[in-house]
Structures are given as C-alpha cells and as structure tokens.
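Engineer: This structure is in structure tokens; I'll ask about it shortly.
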Amino acid sequence: MEKAYFIHLNGIVQGVGFRPYVYRLAHEMDIKGWVNNTSHGVYIHAEGLQIDAFYKRLLEEIPPLARITYQECREVPFGNYPDFAIIKSAEEANPDVLISPDIAICSDCLKELQDSKDRRYHYPFINCTNCGPRYTIIRDVPYDRAQTTMNVFPMCEFCAQEYEDPLNRRFHAQPVACPACGPQVQLIGPNGETLEGLGIKEITAGKIVAVKGLGGFHLVCDAANPQAVRELRQRKERGAKPFALMARNLEVVRKYLLTTPLEEELLTSPAAPIVILERKKDSFAFLPEEIAPGLHTLGVMLPYTPLHQLLFAGDYDFLVMTSANLSGQPLIYTNEEALRDLKGIADYFLLHNRDIFHPCDDSVVQVIGEEAVFHRRARGYVPLPQINPQPIKVPILGVGGELKNTFCLGAKERSFTSQYIGDMEGYENFQRFRQELSSFQKVVQITPEAVAYDAHPNYHTTRFALESPWPIKIKTQHHHAHLVSVLGEHGITESTPGVVCDGTGWGEDARIWGFEFLKGNAESFKRLAHLEYLPLPGGDAGSKFPLRIAYAYGKTLLTEKEWIGTEKIWDRLEPAERKILDQQLDKKVQVFETSSAGRLFDAVSALLDICTKVTYEGQAAIELESQAARWVAQNREIAGYQPRYPVNWETEEGCLILKVRPLYQGIIRDILDSKETAFIAYQFHHSLAHAIVLTALKLQVGQGPLVLTGGVFQNKLLTEMVLELCKAQGIQVLRSRELPPGDGGLAFGQVLIGNARCSECV
C-alpha cells in the first residue's frame, strides 16, 4: 500500500553527500517527494509503494561520513509529487546541526590525484563529499561555502557543474576546487624567493621544510637522516620529546613497526590519527634513536591530504612530521606566522592560500587493552559530540585544566569537547584558548550561561572562569571530574567507584592529589583510598626535576640506617643541591605534600637513572615504561609472577592509605644489588598494578564496574596489567572511549558536574 512519510534526520548529515544519497535511493526505489537541508538537519518527504523498505535502507546504508543522532518518521498526507527532487535549503531559528571533522583523502580522490589524464592530476587540494577539510575551514553555520575560508575561490564552470549535480560525488562539497579555480601552493626559499616544486628535493638533501597542512604547519625532514633529525631537534629546542612520523604507506609501517588489525584500522581510518606503535628491533638501523630518544615506540600516521601524498614522490619512506610551534607555544597556522616565527628553524616554506580558521593538531591514539585510547583528540574527531547521560539544564562551559587543555560546551542532549589547545602556562596558548572558545561557540551553536572550573586556585583557566561574565560559576574537584567524564561517556549516572591516577590535582584538603580511589557521580563523590602523602620539593615546578623528588621520597621513606647505604645513588645531585633539599625538607619550606601517582613514577625513573631531568611533560614515566616494556619483550616466559615490591595499607579517618615504604625499599635494594634497570622498571609496574587491584578488592568494588582514568592510564604496560588482574578477579572495568583519560577529557566531566550542581547555584 502506498504511504507518505515525513522524515527528519539529524547528526552529521550535511556536507557528507547525504542528500544525493537520498536522491539516488529514492529514484532506485521509485519513491516520490523531496529532500532538503535545514538548520535542524535533513527533512524528507517520501511517498510510494516501497516506503517502509526505503526508510529501513535509508538508515542502514548511509554515506561513510554520515552519523545519525536523531530520527523521526511520521505518516503525512500525500503530496502527489511527479518525481523526487533536492529542493532549496531552509533556514530556521535555533540551528541544530553537526559539523563533520576533517577527513583524510578518500580512495576515489586518490585515484584522480594519481591519474595523469584527470584534470585534477597532482592537484594538492582535491576533495569531494567523502573527504577533505571541514571543521578547520568553517567560520560559522550553516555549513556552506560562503561560511568557509573557501569563499574567496569562485568555482569555475566545471567545478560548478559537479557541485550542482546530485549524481556527482562533489554535489555540494563545499571545498570543491581544481587547478583552474582553487587554492595553490608556493615554495619559499631561505631568502624569501619563490621556487619551483614542493620541497621534495630539498627534503631529500637533508633540509627542513615548514609545510602548511590541514590544521596548521608541520616541520618536515627525512626521518632516516640522523643529521637532519638532530638539526631539527636542536633548532626547535625540542629536548627529548618524540617526533611524529608520516609513513609512505601501510606496507612500510609493517616493515619497521609492529601492528595489530585494530592499529592498522586506525591508521587507515578517515580520521587518520597518529598511532603509537612498537618498534621492531631492526628498525633502529633505519629510523634513528633521535626520533624518539629512550622510547621503544614511535608515533606514526599515513598521508591524509593530497599534498602529503605528493610529498612522497621523494626517495624516502618516512618523514618527520612534527607540529610547527615554538617551544611551549601554540601551533602555527598562518603563512605570516610561519614566515616570521619559523625563520631559523625551517630552511624552506611550503605555503598555500587556503586559510585555516580552526588550528587543529594531529590526534594521537594508542591501542591499550584492545581498545583505542586517546593521548590527544583533535583533527579527525573534533567537533563530534559526546551524548550527555542527562539533559543539560542551562548551557554550560567546562574550561578544562592547565595542561593538555581542552574545553567543553554542553547544552541539552550533547556536549562538544574542543580540539587539543595545549598547556595554559604561556600567554600565547591562553590567547589561543580564548580565540578558539569564541569561534567554537558559533560552530556548535552553544552560548554558555554557566561555567565549571577546576578547584586549583592558580590555574589560568580557573582565574578566567572566576573573572568571566557568566553568572553561574561551579568549582569542581580535578579527580572527581576525571571520574565523571568516563561515567558520562558510558551514560552512567549511578555512584560508581574509580581509580584516578595522574600527576597533579588540587585536593579538597589543599594538598596535591593524584593516586585516588573515589566513589561518586556528577552530584558528589567520596574519597575511599589514596597513596600516602609524600614530599614534593618546589611543587609543580619541582616535577621537572625527578631526582629531587626521588631524594625527598628516600629521606621520608627510609630509616637513617637504610639512608646511609644509598649514598652512591645521590652522587648525581650536586652537594649544594642536596644541602638545599635537606634544608627544605627539615624546615618544610616550599615542600608540598602529594599523593600523586605521576610523581611516584618520576621518582622511580630518576632512581634508576632513566630520566633525571624532564624536558617534556610525562617524560620520566614514559621512558620508565619503555625500559619495562623492553624487558617484557625479552622475558615474556618469566614475566607475571607475584609482585616483587609489596605495599601495605593503613586506615586513617575511615580512608585506606597505600603505604609505599616497602616498595621503595625494595627498588633501592635492587639498585644497590646491581639488578638490571629494565628488570626493576618492569617489577615496579607489575607491583603497582597488583597494588591498584588489591586496593580495589579491599574496598569491595568487585560487585560493580570500576573506572580507570587519569593520565597514568595512558601507560600501556601498567593499564594492561591492571586489566588482566581485574579480569582474573571478575571486576568489570570502564575506561574512556571518546576522550583522553588524561586532562584532555577533564572538561566534559566539569560540564556534567556543573549541570548537576546548577540548581544549587541559580
């Protein structure tokens, strides 16, 4: 029987080829009616004999980039339409439509790029409805060409025909362009001269080229050239922080790095993130240690733009492709900035004239426990939303934390977490935060009326929130926000236990927390257990000197007799430095108490002489994990027995305290006995994993799920040990899926806590 339906679909349904998809399906099934874009998604009037089958297929066979978050279908009177058509878009009040992230080049465009007979042959900006820039070029909604940075490039006749043809895959592809009408690249030499080519022969010759990409500039050199890598590290003042790589294709990745099916799926996905992979032993002969000093892993991505594909015409298989920024400052994304600020770092500049409106770093993921875990969420994923477990009462902003900052805007059923912004300590980064907050509101159509912020009184984001004009201001505890962020991702509103392990978070007792067992939900939380408080000389600034932390822990945890036997460990500290530390500890001057898991990792790393001075955030712990992982790789048959270094527990005021004196003693004893460094590093991870799970069991959490979150759970080795032990004990584990477990996921938790407390603040 013939019926007529009105269908309303929302989500990512614009700019992804949805209307031509509906058009083709309707014609195939002899459905009459129309489809159009609106400010609230896609509206469809459909009538015909196969209408129910049409609706079923409509939802099941959507374009690859589409994502439906809302669907409505109701029977309506017949319109007696003679055909099916795409009709003019309609603008309505209170727009509500999702914008697609930037998407890696699709297979169809790649074929055209490489086809010498195609008019877009070797054109660096080839794209269609299935790929290309989206978020990074949009100024405002609705998403059409006039609202993007492509508005300065009028389409030629050929491109216009494709754009208007519903059967063409470039139908309403807003960035559509060709060599005749679109953006162009330009190679600039050391003296400002314009040169031929893309910088390929310069890279081959060992030079450093600043390349403008999708969301900003990269600094690029031949990864197999140790001298070029060393030169880049020196010029950029990079310290030991690892460089990201771009590989020619999946085959060369497989040749030098270990991959699993999931890791390969991530590498080749439309998001095309950097994936952290383990090196093969023989890779060091080709990819020098200088790329990632002290690490057994490399961060690798595949070419995700046409320009990247063209760069691999050179005689190299891997390029260093590191974000172009001055030390501690935000990503450079304009031609003017690059030419001014990268002078002396880059030898050449590969520019283009398609402006970037939203600077966006590469996303970084790692497979941990057979799931993808974000280290950094940005290009390819932003601005996809998180679904709120409960509707947001008033639009709210979560400003995030101080390190690895993201912010989050929540309203009604959805929250939108921004791309990675960076550390808020520098003036330039904080200005970038303000800039992106202003423009992000337009993209997601949320104007906040409340703000949630971290309890730390000295965070720049905290001061920003307190000085902001929004009348409702909600203070949130750092680790509580971590816990709630994960619960929110899983749609859980019940009070749930969790382990939150990270570097720094302001505690309710004005001390530095960081190894916390909490139970709570968005409304409230209770602290069930934590690592004992240990001294941190210099506070947050002191975390850059792990050996000082190790010294302070030793002074606290060892007996006088035990301490005397450790003298040789502290030879790496200058006598004057030790004297100052002794005075600080004796008089408790500039010494802060911390329960931080991150600082415990720092101390052990320094004890083992793996990392005694930090040049990037998390370095000591990352290098410690690498040493441990190398030992596991060589000793799998004997890994995994009972923990070598025990902990014990005491109860204070109803809270369980993890006492790490026996663990620290054991590590020092093994150092003095000249045990292998990598062996001790492994045993520390193994013992700590047991301590986490045993503490959870003592708290009787086995009856329900247990959240694992905080930056420490980006440690693959530790996390997989904890997961294995939890599985053996029948403990269900919840982890972050859409956001980083570190501070990049903090803002979403702040939004949910703020929402729960809004009624108290109005």
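The values are calculated or read from the model by the stated rules, or taken from the named source; none is laboratory data. Keep in mind that this is a model prediction, so the values were computed, not measured. For neighbour counting, all protein chains shown are included, and Cβ atoms are generated from backbone atoms with ideal geometry for every residue, glycine included.
Engineer: Checking the conditions here, which among Gly710, Gly754, Gly745 is within 17 Å of Phe517 (Cα to Cα) and of a type in the set (Gly, Ala, Ser)?
Structural biologist: Details: Gly754 fails: within 17 Å of Phe517 (Cα to Cα); Gly745 fails: within 17 Å of Phe517 (Cα to Cα).
Among Gly710, Gly754, Gly745, only Gly710 is within 17 Å of Phe517 (Cα to Cα) and of a type in the set (Gly, Ala, Ser).
Engineer: How do the strands (runs of 3 or more DSSP E) wholly within the range 648-736 filter down when requiring 1 or more residues that are exposed (fewer than 15 other Cβ atoms within 10 Å of the Cβ): which remain?
Structural biologist: Numbers: elements: 648-652, 655-659, 706-709.
The strands (runs of 3 or more DSSP E) meeting that bar are 648-652, 655-659.
Engineer: Does any residue in the range 38-50 that is within 16 Å of Asn80 (Cβ to Cβ) and not assigned by TED's automatic domain parsing to the domain that holds Glu75 come within less than 9 Å, Cβ to Cβ, of a residue that is assigned to a strand (DSSP E or B) and of a type outside the set (A, V, I, L, M) six or more places away or on a different chain, and which pairs are these?
Structural biologist: Matching pairs, first to second residue: none at all.
Engineer: Next up: For the range 415-439, which positions are crowded, with 18+ Cβ neighbours inside 10 Å, out of contact with any Phe, Trp or Tyr (no Cβ under 7 Å at 6 or more places or on another chain) and modelled with pLDDT under 95?
Structural biologist: Result: Gly422, Asp423, Asn429, Phe430.
Engineer: Exactly one of these conditions fails for Ala346: (1) under 30 Å from Pro457 (Cβ atoms); (2) in contact with a strand residue (DSSP E or B) (Cβ under 7 Å, 6 or more places away or on another chain). Give me its number.
Structural biologist: The number of the failed condition is (1).
Quick grid of which residues meet (1) among the charged types (D, E, K, R); (2) in contact (Cβ under 8 Å) with a residue 60 or more places away in the chain; (3) more than 18 Å from Gly711 (Cα to Cα); (4) touching a helix residue (DSSP H, G or I) at 6+ places or on another chain (Cβ under 7 Å):
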{"residue": "Ala465", "(1), (2), (3), (4)": "no, yes, yes, no"}
{"residue": "Lys473", "(1), (2), (3), (4)": "yes, yes, yes, yes"}
{"residue": "Leu487", "(1), (2), (3), (4)": "no, yes, no, no"}
{"residue": "Val500", "(1), (2), (3), (4)": "no, yes, no, yes"}
{"residue": "Trp506", "(1), (2), (3), (4)": "no, no, no, yes"}
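Engineer: Mind checking which residues of the range 159-197 are surrounded by fewer than 19 Cβ atoms within 10 Å (Cβ to Cβ) and within 19 Å of Thr136 (Cβ to Cβ)?
Structural biologist: Pro183, Gln184
Engineer: Take the residues in the range 505-522 that are closer than 18 Å to Ala747 by Cα and touching a Leu at 6+ places or on another chain (Cβ under 8 Å); name whichever of them is surrounded by the fewest Cβ atoms within 10 Å (Cβ to Cβ).
Structural biologist: It comes out as Asn521.
Engineer: Answer yes or no as to whether Glu560 is of a type outside the set (Val, Ile, Thr) and buried (at least 21 other Cβ atoms within 10 Å of the Cβ). If you could, list the steps in order and put the result at the bottom.
Structural biologist: Working: of a type outside the set (Val, Ile, Thr): yes; buried (at least 21 other Cβ atoms within 10 Å of the Cβ): no.
No.
Engineer: List pairs: first in the range 653-680 and within 19 Å of Lys555 (Cβ to Cβ), second of a type in the set (Gly, Ala, Ser) and surrounded by fewer than 15 Cβ atoms within 10 Å (Cβ to Cβ), Cβ under 7 Å, 6+ apart or cross-chain?
Structural biologist: From residues that are within 19 Å of Lys555 (Cβ to Cβ), the pairs are Leu672/Gly565.
Engineer: Within the range 82-134, which residues are modelled with pLDDT of 95 or more, part of a loop (DSSP other than H, G, I, E, B) and hydrophobic (A, V, I, L, M, F, W, C)?
Structural biologist: Ala104, Ile105, Cys106, Phe125, Ile126
Engineer: Here's another thing I want to ask about it. Just to confirm my filter: which strands (runs of 3 or more DSSP E) fall fully inside the range 8-79 and include at least 3 residues that are surrounded by 14 or more Cβ atoms within 10 Å (Cβ to Cβ) and among the small types (Gly, Ala, Ser)?
Structural biologist: Working: elements: 32-38, 41-48, 67-75.
Passing ranges, in order: 41-48.
Engineer: I would also like to ask the following. Condition test on Tyr348, is it within 15 Å of Leu232 (Cβ to Cβ), touching a residue at least 24 places away in the same chain (Cβ under 8 Å) and of a type in the set (Phe, Trp, Tyr)?
Structural biologist: Values: within 15 Å of Leu232 (Cβ to Cβ): yes; touching a residue at least 24 places away in the same chain (Cβ under 8 Å): yes; of a type in the set (Phe, Trp, Tyr): yes.
Here the answer is yes, as Tyr348 does meet what is asked.
Engineer: From the set of residues in the range 198-223 that are among the small types (Gly, Ala, Ser) and surrounded by 19 or more Cβ atoms within 10 Å (Cβ to Cβ), which is farthest from Val320 (Cα to Cα)?
Structural biologist: Of the residues in the range 198-223, the ones among the small types (Gly, Ala, Ser) are 199, 205-206, 210, 213, 215-216, 223.
Next, from what is left, pick out any that are surrounded by 19 or more Cβ atoms within 10 Å (Cβ to Cβ): 199, 210, 213, 215-216, 223.
Working: Gly199: 14, Ala210: 11, Gly213: 14, Gly215: 17, Gly216: 15, Ala223: 5 Å.
Applying the filter and picking the extreme gives Gly215.
Engineer: To continue, here is another question. Is it fair to say Phe601 is under 20 Å from His685 (Cα atoms) and either outside the structural domain of Arg661 (by TED's automatic domain parsing) or of a type in the set (Phe, Trp, Tyr) (or both)? Let's see the steps before the verdict.
Structural biologist: Values: under 20 Å from His685 (Cα atoms): yes; either outside the structural domain of Arg661 (by TED's automatic domain parsing) or of a type in the set (Phe, Trp, Tyr) (or both): yes.
Yes: the conditions hold for Phe601.
Engineer: Can you pull out every residue in the range 284-324 that is closer than 27 Å to Glu402 by Cβ and either free of Cβ contacts under 8 Å to residues at least 12 places away in the same chain or out of contact with any strand residue (DSSP E or B) (no Cβ under 9 Å at 6 or more places or on another chain) (or both)?
Structural biologist: Within the range 284-324, Pro293, Gly294 qualify.
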